[in-house]
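Worksheet: the structure to be examined is printed underneath.
Please treat every number below as a calculation from the coordinates, not as lab data. Model, not experiment: these values are computed from the prediction. We place every Cβ from the backbone using ideal geometry, glycine too, and count neighbours over all the protein chains shown.
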Amino acid sequence: MATNQNPGFDPKEIEELRAECSEGETSFVYIEDPDLDMLESGECEHIQFVGTYKGQDVIYDALVYTLRLHHSSMVYEMAVEQLKTSFPSYVPPEERKANYKISPEDEEEAETALTELIEELEETEAVKVQEHVELDLDSDYGIALDVCLNVEEINEEVIEAFIQKFNSGTLQLDTTLYSFSEDGEE
């Protein structure tokens, strides 16, 4: 549970964020996050906004992304796990340490197998996802939100609509399970 030690509950921090939002004429601010290379895709944004939690003002630190991006991530993770049964020493590029070694032939074979696994998972609709909002009350700054929305793009209009509905308690998530492929939604 969040404590008074958490600066995202500090009234001064909250007022500073409100002022910054007011300057930008929005109800949120974008947060630059170099660890999230997907932010440039239009399918994911890291934002902060002021809301309330149990009657207390708080800063929400939110990662907002599309259902398609979530599906792609889940398919990739599942395919990598399956690949490890055939290629136990394979490590995906984003997880490699500086001393990791793999021959070009083995890497090509593993990457080909990975692509085939991804295609199979998409064709069989093995992964289904739905909209969700997850709260992390143990965040170091305010309350962290993980927000997945069934939209084509995460833009200012989508973010503003989400915040308005979230803060007013009128947010209704789509509980339909979706699967996507490279060709489009299935």
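Key figures for this structure:
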item: Among 164, 56, 130: highest mean-square fluctuation, GNM of the chain, C-alpha pairs under 10 Å; result: 56
item: Prolate/oblate/rounded call for region 51-145, Cα gyration tensor, a/c under 1.5 rounded; result: oblate
item: Range in the chain, longest, excluding exposed trypsin sites (Lys or Arg not before Pro) [loop by DSSP; at most 13 other beta-carbon atoms within 10 Å]; result: 129-186
item: Net length gained if the chain between residue 112 and residue 181 were fully extended (0.36 nm per residue, minus Cα distance); result: 23.1 nm
item: Tensor-based shape of region 116-164 (alpha-carbon gyration tensor, a/c under 1.5 rounded, otherwise prolate or oblate); result: oblate
item: Cα-projected label distance for residue 120 with residue 77, points at 7 Å along beta-carbon direction, nm; result: 2.1
item: Phi-based couplings in Hz for region 87-94 (Karplus 6.51, -1.76, 1.60; Gly and Pro marked x); result: 10, x, 8, 6, 10, x, x, 6
item: Computed magnitude of the charge dipole of region 90-186 (debye, nearest 20; Cβ of K, R +1, Cβ of D, E -1); result: 660
item: Reported label for calculated mean projected area of the Cα convex hull in nm² given (i) 15.5; (ii) 13.2; (iii) 10.8; result: (ii)
item: Under-19-angstrom lysine pairs by C-alpha in the chain, whenever the two are 8 or more apart or on separate chains; result: 4
item: Debye, to nearest 20: dipole size of the chain, +1 on Lys, Arg Cβ, -1 on Asp, Glu Cβ; result: 940
item: Most fluctuating residue given options 123, 13, 108, as computed from a GNM of the chain linking Cα atoms under 10 Å; result: 108
item: Options 104, 87, 31, ranked by Cα towards positive dipole end of the chain, top entry (Cβ charges); result: 31
item: Residue-averaged 222 nm ellipticity for the chain, from DSSP H runs of 4+ at -39500 (n - 2.57), nearest 500; result: -12000 deg cm²/dmol
